[in-house]
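Report on one structure; see the data block that follows.
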Amino acid sequence: MGDKKDKQENLLFVAWATAVIAMFGSLYFSEIRQYEPCELCWYQRILMYPLALILGIALIRKDYRVSFYSMIFSGIGAIVSLYHYSLQKVPFMADNAVSCGRIPCTGQYINWFGFITIPLLALTAFIIIFSVSLMLWKKSKEVSR
C-alpha cells in the first residue's frame, strides 16, 4: 500500500513542479524580458497559476483527489494553448485571426528551432499536468477500492 502512496506523491510532485516552472517561466518572459502578454497568454496564465497553488496545497496535504480538478484546468489550458499555437504556426489560422487586443496573438516573442514558442511551452506544461493528473486519478481510484 505504501508503494502506491509513494507513486501518487511522486506524480503529484511532478504536476506541481510543472505548474510552478510554467508559472515562473511566464513571469520571466513578462517581468524580466519585458514581453507583454497577449490576451490568450493571459487566459493560459489564469488557468496555470491556480494549478501551482492548488497542487502545492494538495502535495502538502497528500490530497490526491485534486487530480480531477487539475485535469479540468489543464485540459482547458491545453485547448487554449493549442488554439494559440495554431494561430502562430498554421497559415490559414493566422490569416483569419481576429485582433485579440493590443498585442497580437499571432506574435512570436520566441521561436526557438523554428517551432518552439511560448504557447507551445504552455501547451507542453498543460499536457504534462493533464497526463500526470490522469495517472494520479486512475491510481486514486485503484487505492480507494
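Candidates S86, S133, I103 compared by Cα position along the dipole of region 76-145: farthest toward the positive end lies S133, with charges placed on Cβ. Remark: relative contact order (the chain) = 36 percent; criterion is Cα-Cα distance under 8 angstrom and separation of 6 or more residues. The gain in end-to-end length when the K138 to L82 segment is fully stretched comes to 17.6 nm, 0.36 nm per residue minus the alpha carbon separation. What distance in nm lies between label points placed 7 Å from Cα along the C-beta direction at N96 and D6? So the label points at N96 and D6 sit 5.2 nm apart.
Expressed as a whole percent, the accessible area of the chain that falls on carbon and sulfur atoms is 68 (1.4 Å probe).
Computed from Cα positions, the angle between helix 118-144 and the longest principal axis of the chain comes to roughly 20 degrees.
Normalised Debye scattering of the chain at q = 0.12, 0.13 Å⁻¹ gives log10 I(q)/I(0) of -0.51, -0.59, counting only Cα atoms as equal scatterers and leaving out solvent. For a straight C-alpha distance cut-off of 24 angstrom, the lysines reachable from K4 (same-chain residues fewer than eight places away being disregarded) are K62, K138, K139, K141. What's the FRET efficiency of I60 with W112 using the Cβ-Cβ distance as r and R₀ = 25 Å, to the nearest 0.05? That pair, I60 with W112, gives E of 0.15. Relative to the longest principal Cα axis of the chain, at what angle does helix 66-89 sit, 0 to 90 degrees, rounded to 10? Compared with the principal axis, the helix lies near 20 degrees. Solvent-accessible surface of the chain, taken per residue with a 1.4 Å probe and all protein chains present: 59 Å².
The values are calculated or read from the model by the stated rules, or taken from the named source; none is laboratory data. Fair warning: this is a prediction, and the values are worked out from it, not measured in the lab. Because the Cβ atoms are built from the backbone with ideal geometry, glycine has one as well, and the counts that use them run over all protein chains shown. Please note that ligands, DNA and RNA were not included when accessible areas were found on the heavy atoms of the full protein model with its side chains. Shrake-Rupley method; radii C 1.70, N 1.55, O 1.52, S 1.80 Å.
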